[in-house]
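The values are calculated or read from the model by the stated rules, or taken from the named source; none is laboratory data. Remember, predicted model here, so these are calculated numbers, not experimental data. Protein only, heavy atoms only, side chains kept; ligands, DNA and RNA dropped before computing areas. Shrake-Rupley method; radii C 1.70, N 1.55, O 1.52, S 1.80 Å.
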Amino acid sequence: MKLTGFFIEKAESFLEELRPIKLASFEFAEATNDDASNEPNFASQTNELNDIRFQMNLMFSEFDNGKLFNKKLNDFNKTLFDNTPFLKHLININELFLDYLIEYRVE
C-alpha cells in the first residue's frame, strides 16, 4: 500500500490541474445532443474532465478506503450542456479526500 504522502501529493496535483480550468461556454439556443459533441472546446473540456475522473478512480482504487470516495466520485449525473457542475464535483471530491487524509491519515 502506498503511503499517505503519495495520496496527498496526488490529490493536490489534481486540484492544481482542476482549479485553473476556465470552461468554454456552450450556446443553448437550438442545442441538441449532436451540438454538444460538435462544440470543440466543450467536447475537449468534457474529455479532459473525464480523463481526470478516470485518474482519480485509479488513485482511489489504490487507497484502502478508496471505494467510499470512488462511489461518491461516480455518483454524479453530468449535465448535457454544462461542465461546471462536473468540474465543481471533481474539485469537491478531491478536497474531501485531502481533508480526510490530513485529518485521519497523516503519518
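Computed with every protein chain present, the accessible area of SER44 is close to 60 Å² [probe 1.4 Å]. Scaled to the globular estimate 2.2 N^0.38 Å, the Cα spread of region 53-94, given as radius of gyration, is 1.17. Hey, any idea what % of region 65-107's accessible area is carbon plus sulfur with a 1.4 Å probe? Using a 1.4 Å probe with all protein chains present, region 65-107 comes out at 53 percent carbon and sulfur.
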